[in-house]
Each structure stands twice: as C-alpha cells, then as structure tokens.
Amino acid sequence: MQDWAAPFFANDNGDISPYDSVDDMIAMIEAIDALDATHEFFDANGLVLIAVPDSERWHPTRSNDEPQPERLKSILQTYFARLPDHLAEFRARAESAGSLAALVALRQELAMRPRRGFLERLLRRARPS
C-alpha cells in the first residue's frame, strides 16, 4: 500500500464512491459486494485494485494491470454527467475539469456535501405545481 494514493474509489456500475482510506472502504463495503464481478477499485491515480477475500472480510491488493488513470477519469466524467439538476454546479465544474486530479477533488467535495433527505425529496414531489 506504500505506493497507493488516497482517496480510494469503488465503482459499482457507474456509482463511484470515494473513501479516505482503505480501512474506510473495507468497513463500508460488504465482502459479498466487494467480491462480485461488478465492482472496480482504484486509488486516486488510477491504480487498479482488486478485492481479495480474507479470513474476516476482504481487502484490496494491487492488480498486475497497468494503472488506468484514463479509465478512472472516464468513470468520474460519466458519473458527473448523470447528476440531477440540483447538482448542476458539479456537473458544469466536471465538464471543465482538465485532469484526473481535478475530478478526484471534485468527487471528494461532492461526497462532503450534505445529502438531501428523503423527506425533503418526497415533499418536493408532493407540492402542487
């Protein structure tokens, strides 16, 4: 892990989540999910990580594949392009981001933003036009 760069990313079919540390990622992702064929894992530089089962849960290890910074950049660009209208600011900033590092920082910023609550979303839909 010495050459891995935080944050770490878990991509679940385009829903890409950042984690400040490997330990945070392990704690938040169930082994059954981490070990399925739909998850991809990266460090901030696009280093490909693979999920390996261990005696208690799972842990990531470095893949033998070459780093894939363009793959991670593409995943992040697609993620931002799909954001709903109330997050249009992030969508626009992602469109003008020129580097993987800028997209990584933007995704971390978005992760820190308070999420709209379920009740708030429900009430918005229930309001008459």
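Here, each number is a calculation from the coordinates, and none is a lab measurement. The model shown is predicted, which means the values in this text are computed figures rather than measured ones. Here Cβ is always computed from backbone atoms with ideal geometry, including for glycine, and neighbour counts include all displayed protein chains.
Determine Rg/Rh for the chain; Rg is computed over alpha-carbon atoms and Rh is the Kirkwood hydrodynamic estimate from the same atoms. Each step should come with its number before you reach the end.
Details: Rg = 16.2 Å, Rh = 15.8 Å.
Value, to two decimals: 1.03.
GNM on the chain, C-alpha springs below 10 Å: top fluctuator among Gly46, Gly98, Gly14?
In the Gaussian network model the winner is Gly98.
Taking the stretch 1-106, which GluC sites (Glu not before Pro) meet the DSSP loop condition and have no more than 12 other C-beta atoms within 10 Å? Each step should come with its number before you reach the end.
Working: sites: Glu30, Glu40, Glu56, Glu70, Glu89, Glu95; in loops: Glu30, Glu56.
Answer in residue order: Glu30, Glu56.
Where Lys and Arg each count +1 and Asp and Glu each count -1, what net charge lies around Asp43 among other residues with Cβ under 10 Å from its Cβ?
On the way: positive: Arg62; negative: Asp3.
Counting the neighbours of Asp43, the net charge comes to 0.
Say R0 is 30 Å: what FRET efficiency, to the nearest 0.05, do Ala111 and Ala81 get from their beta-carbon distance?
Values: r = 17 Å, r/R0 = 0.57.
Once rounded, the FRET efficiency stands at 0.95.
Give me Arg113, Arg91 sorted ascending by neighbouring Cβ count inside 10 Å, so fewest comes first. Please list the in-between numbers first.
Values: Arg113 9, Arg91 15.
Going from sparsest to densest Cβ surroundings: Arg113, Arg91.
What does the charge count near Arg71 come to, summing +1 for each Lys or Arg and -1 for each Asp or Glu among other residues with Cβ under 12 Å from its Cβ? Kindly include the intermediate steps, with their values, before the conclusion.
Values: positive: Lys73; negative: Glu40, Asp65, Glu66, Glu70.
Net charge in that neighbourhood comes out at -3.
Please report Leu123, Leu47, Leu110 as a ranked list, fewest other C-beta atoms within 10 angstrom at the top and most at the bottom. The partial results should precede the final answer.
Working: Leu123 10, Leu47 21, Leu110 18.
Final ranking by Cβ density, sparse to dense: Leu123, Leu110, Leu47.
How big is the charge dipole of the chain about its Cα centre, in debye rounded to the nearest 20, if each Lys and Arg gets +1 on its Cβ and each Asp and Glu gets -1 on its Cβ?
Numbers: 15 positive and 21 negative charges, 204 e Å.
Magnitude of the dipole: close to 980 debye.
Which of Pro69, Pro114, Pro60 moves most in a GNM of the chain, Cα contacts under 10 Å?
Greatest mean-square fluctuation among the candidates belongs to Pro114.
Please order Ser99, Ser17 by the number of other Cβ within 10 Å, starting at the fewest.
Values: Ser99 10, Ser17 16.
Final ranking by Cβ density, sparse to dense: Ser99, Ser17.
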